Amino acid sequence: MPESQVRSAMFRVGSYRYPVRVTIQDDRFFFNFAYNPKLIAEIKCMQGAKWHGFDETNPVKQWSVPITDRNVFQINYLMERNPYAKFDVPLVEISTERPLYRHQEETKAFILTRRTCIVAEEMGLGKSLAAIEAIEAVGYSGGDEVWWVAPKSGIYAVERELRKWETNIRPRMLSYPALVKIIRQWTPGTQAPKFVVFDESSKLKNPTSQRTQAAMHLTKSMRQEWKDSCFIVLMSGTPAPKSPIDWWAQCEIAQPGFIKEGDLFKFKRRLCVIEQRESISGGVFPHIVTWLDDEDKCAICGKADAEQPLHMKRSKSSTPVDLTLLLKSAPPDRTNWPHPFVGSVNEISRLYKRMQGLVLVKFKKDCLDLPEKRYEIIRVKPTIDILRAVKLIKATSKRTIEALTRLRELSDGFQYTNEVTGSKACDVCMGLKTVEHPTPKTGVDPSASGYIFNKDDYTIQIIKCLACDGTGSVPTYARGINEVTSPKDQVFIDELDLHEDLGRLVVWGGFTGTIDRLVGIAHQYGWSTLRFDKKVDASDEKGEPASVDKYLGAMDYSEKNSKTLLEEIPKLVFIGNPEAGGMGLTLTASPTALFYSNSFKADARWQSEDRGHRAGMDMNRGYTVKDIIHLPTDELVLTNLLKKRNLQNLTMGELEEAMKTL
């Protein structure tokens with residue numbers, strides 16, 4: 001092996017430095033050192049760490065890790081080259097001609113100093129303008145140099161910001177699906193951008209999703225081409241995400257290796273108590289018992305000493321507990337296992353300290369003097385017809401989620417239906433009416449243990465296609481809607497009347513069918529509409545097409561020409577789905593956000609709530625969030641959103657209990 005591929009180094013772990021021989025072979029780092037548990041623990045934390053003492057061929061007593069950006073980062077840290085140093089540099093002095101808030105000036109300075117960073121600031125704090133200022137300060141014009149990736153609604157909002165602030169930069173605007181498509185078609189030699197902004201980066205929390213993988217590929221190419229001169233900025237409107245593990249993938253995109261743990265499972269294992277539970281299929285899955293967010297919680301079972309009667313008492317003279325060995329001997333169900341209490345570390349609090357320098361966190365209450373949001377519940381009674389429909393849905397629904405969805409639709413005044421529109425060739429038999437069916441020969445048991453598939457063990461029989469029942473064709477369906485009168489409609493009409501003098505209102509609905517109905521009612525009462533769900537369009541009071549961009553400007557209270565727009569568009573209601581229109585938009589012209597119904601996602605609810613509660617709002621009118629409660633399912637969904645509980649885990653018993661109030 002060439003001498004250049006072998007290095008001797010000193011790795012620092014804690015207060016001590018240890019000699020390590022590092023060898024590069026087959027795109028991996030191999031480490032040779034005297035047995036040291038602390039050093040082994042550091043290497044095991046790295047990405048793709050492997051012990052070669054049990055290899056089938058040529059076993060060697062060495063650890064190795066693949067040569068990746070994150071592993072190089074961590075190895076440099078162990079060698080005391082301090083790759084974290086650039087994240088501790090004081091922020092640069094900046095100047096600006098635009099009127100910025102102090103926190104926006106700090107955000108701009110943070111981006112320009114760190115270059116690779118995460119801006120985690122609550123909605124409405126002006127992250128987009130700070131990023132625009134940073135791009136201008138660097139001197140990039142856009143196009144191939146600057147990419148701005150955002151959800152669909154965020155693209156509309158950023159394009160308006162660019163025009164509003166009369167900037168000369170023209171970044172390449174991409175949705176996350178468009179980014180995935182570009183990366184799939186990426187060819188070696190393609191020039192990567194110098195500056196990328198990932199807006200609403202909470203979309204990148206799952207490391208296995210296509211958009212996260214695409215973002216990782218793009219940023220890796222940027223680092224390879226531009227080294228430390230590139231800018232990678234992630235912007236999130238949720239500085240306190242519902243799950244701490246949402247940070248791992250975002251940190252990995254911004255700076256691989258900044259977080260010590262080499263994969264999501266290692267990261268999760270550090271932050272919480274995990275136990276193995278049996279699944280319905282007979283296997284096991286890791287279940288999070290509790291987050292390690294309190295020093296009084298036991299590191300083994302996650303319960304406080306007073307809450308766990310099975311904690312064994314230990315005398316002061318007892319030898320210290322080896323947590324690693326204790327966890328290895330723990331059964332899957334630790335709650336019923338006698339064990340000593342082992343104090344934990346508040347890893348959640350420590351996580352935010354670990355991310356300092358890479359992540360800038362800002363909360364609205366600390367930056368802006370805005371009036372508190374007011375919350376109001378509007379309750380309406382179901383009609384006799386709706387109560388009858390409720391009974392029918394409960395009797396005919398086989399699954400909890402099916403019943404919940406149908407009841408939510410009914411609460412909004414409609415039911416989705418599948419209507420036959422024609423027929424097409426069967427996808428299974430391709431219109432031939434028969435299919436080939438492999439049948440095991442006599443004496444062959446494919447279910448036997450150790451059986452290896454062999455095509456000679458089967459005979460082919462021609463049988464009738466079961467998918468089309470031998471007809472060769474199957475019906476095609478289109479989704480239809482059966483509408484019913486809902487008491488919610490009158491609440492919406494009353495809100496239109498209340499806001500007629502102001503001429504602006506924001507309404508959110510959880511279904512496309514809901515949005516369709518609300519748009520129709522608004523036109524019926526002489527209101528123009530701006531729609532944001534799967535479909536984005538604007539219509540005047542007669543239902544004629546209008547300019548989406550112009551109507552977005554009319555929903556911005558701080559817009560320079562808002563008075564002129566109020567004369568041109570005297571009555572305008574924004575009607576959107578929280579999951580589609582809840583990100584990036586500024587809707588400060590309305591002092592009210594009316595939730596006709598909610599979606600299942602908690603983060604979409606909080607994002608949509610804050611579209612109008614931000615800088616530029618009418619401080620005198622304040623801001624009110626109203627929820628219409630019709631059927632108990634409306635309250636059930638809202639309550640679980642507040643608890644951030646996954647509605648997919650509801651049981652039929654819980655749904656029945658909620659419906660008893662009827």
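The values are calculated or read from the model by the stated rules, or taken from the named source; none is laboratory data. Computed from a prediction, not measured in an experiment: that's the story for all the values here. Virtual Cβ from ideal backbone geometry, glycine too; neighbours counted across all protein chains shown.
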Original post:
For segment 547-573, what are the residues that are of a type in the set (A, V, I, L, M) and surrounded by 20 or more Cβ atoms within 10 Å (Cβ to Cβ)?
Top reply: 552, 554, 555, 565, 569, 572, 573
Original post:
Among 595, 574, 600, which is the only one that is modelled with pLDDT under 90 and in contact with a Gly (Cβ under 9 Å, 6 or more places away or on another chain)?
Top reply: 600
**OP:** From (1) at pLDDT 90 or above; (2) farther than 28 Å from residue 162 by Cβ; (3) in a loop (DSSP other than H, G, I, E, B); (4) in contact with a helix residue (DSSP H, G or I) (Cβ under 8 Å, 6 or more places away or on another chain), pick out the condition that doesn't hold for residue 628.
**Re:** (3)
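Rundown of residues vs (1) at pLDDT 90 or above; (2) more than 17 Å from residue 346 (Cβ to Cβ); (3) more than 27 Å from the chain's Cα centre (by Cα), yes/no style:
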residue	(1), (2), (3)
243	no, no, no
263	yes, yes, no
269	no, no, no
284	no, yes, no
300	no, no, yes
310	no, yes, yes
330	no, yes, yes
Original post:
Looking at segment 212-232, which of the residues that are under 17 Å from the mean Cα position of the chain (by Cα) and of a type in the set (A, V, I, L, M, F, W, C) is surrounded by the fewest Cβ atoms within 10 Å (Cβ to Cβ)?
Top reply: 216
Original post:
Here are some conditions: (1) closer than 27 Å to residue 402 by Cα; (2) touching a residue at least 40 places away in the same chain (Cβ under 8 Å). Residue 425 meets all but one. Which one does it not meet?
Top reply: (1)
Original post:
How about segment 333-377: which of its residues are under 29 Å from residue 288 (Cβ atoms), of a type in the set (A, V, I, L, M, F, W, C) and part of a loop (DSSP other than H, G, I, E, B)?
Top reply: 337, 341, 342, 345, 355, 358, 363
Original post:
Counting only residues that are among the basic types (Lys, Arg) and in a helix (DSSP H, G or I), which one in segment 34-71 is surrounded by the most Cβ atoms within 10 Å (Cβ to Cβ)?
Top reply: 70
Original post:
Restricted to segment 12-28, and to residues that are more than 39 Å from the chain's Cα centre (by Cα) and of a type in the set (D, E, K, R), which residue is farthest from residue 67 (Cα to Cα)?
Top reply: 17
Subject >> All positions within segment 184-208 that are part of a helix (DSSP H, G or I) and touching a helix residue (DSSP H, G or I) at 6+ places or on another chain (Cβ under 7 Å) >> reply: 201, 202, 203, 204
**OP:** Inspect segment 486-498 for any residue being touching a residue at least 12 places away in the same chain (Cβ under 8 Å), surrounded by 15 or more Cβ atoms within 10 Å (Cβ to Cβ) and not in a helix (DSSP H, G or I) and give the result as yes or no.
**Re:** yes
Original post:
Do you know which residues across segment 503-529 are buried (at least 24 other Cβ atoms within 10 Å of the Cβ) and within 26 Å of the chain's Cα centre (by Cα)?
Top reply: 506, 507, 508, 509, 510, 514, 515
Subject >> Unique residue being over 20 Å from residue 128 (Cβ atoms) and without any contact (Cβ under 8 Å) to a residue 24 or more places away in the chain when the list is 229, 209, 221 >> reply: 209
**OP:** Give me a count of the residues in segment 127-142 that are at pLDDT below 90 and either closer than 18 Å to residue 366 by Cα or touching a Pro at 6+ places or on another chain (Cβ under 8 Å) (or both).
**Re:** 1
Original post:
Got a sec? Which of 580, 589 is outside the structural domain of residue 161 (by TED's automatic domain parsing), closer than 25 Å to residue 201 by Cβ and in contact with a Phe, Trp or Tyr (Cβ under 7 Å, 6 or more places away or on another chain)?
Top reply: 580
Original post:
Taking residue 112, is it over 30 Å from residue 230 (Cβ atoms), in a helix (DSSP H, G or I) and modelled with pLDDT of 90 or more?
Top reply: no
Subject >> residue 29 vs. criteria within 21 Å of residue 258 (Cβ to Cβ) and either out of contact with any Leu (no Cβ under 6 Å at 6 or more places or on another chain) or not hydroxyl-bearing (Ser, Thr, Tyr) (or both) >> reply: yes
Original post:
Within segment 550-571, is even one residue at pLDDT 95 or above and under 17 Å from residue 154 (Cβ atoms)?
Top reply: no
Subject >> Single residue of 380, 390 found to be assigned by TED's automatic domain parsing to the domain that holds residue 577 and in contact with a His (Cβ under 7 Å, 6 or more places away or on another chain) >> reply: 380
Subject >> Among (1) over 25 Å from residue 154 (Cβ atoms); (2) in a strand (DSSP E or B), the one test that residue 530 misses >> reply: (1)
**OP:** Sort through 359, 390, 380 and tell me the only one that's within 30 Å of residue 236 (Cα to Cα), buried (at least 16 other Cβ atoms within 10 Å of the Cβ) and touching a residue at least 40 places away in the same chain (Cβ under 8 Å).
**Re:** 359
Original post:
Given the conditions (1) surrounded by fewer than 11 Cβ atoms within 10 Å (Cβ to Cβ); (2) of a type in the set (S, T, N, Q); (3) at pLDDT 90 or above, which single one is not true for residue 4?
Top reply: (3)
Subject >> Qualifying residues in segment 72-109 (those that are polar (S, T, N, Q) and part of a loop (DSSP other than H, G, I, E, B)) - the one farthest from residue 233 (Cα to Cα) >> reply: 82
Subject >> Residue list for segment 453-485, restricted to those being free of Cβ contacts under 8 Å to residues at least 12 places away in the same chain and either surrounded by 14 or more Cβ atoms within 10 Å (Cβ to Cβ) or over 20 Å from residue 438 (Cβ atoms) (or both) >> reply: 469
Original post:
Under the condition of being touching a Cys at 6+ places or on another chain (Cβ under 7 Å) and not in a loop (DSSP other than H, G, I, E, B), which residue from segment 414-440 is surrounded by the fewest Cβ atoms within 10 Å (Cβ to Cβ)?
Top reply: 434
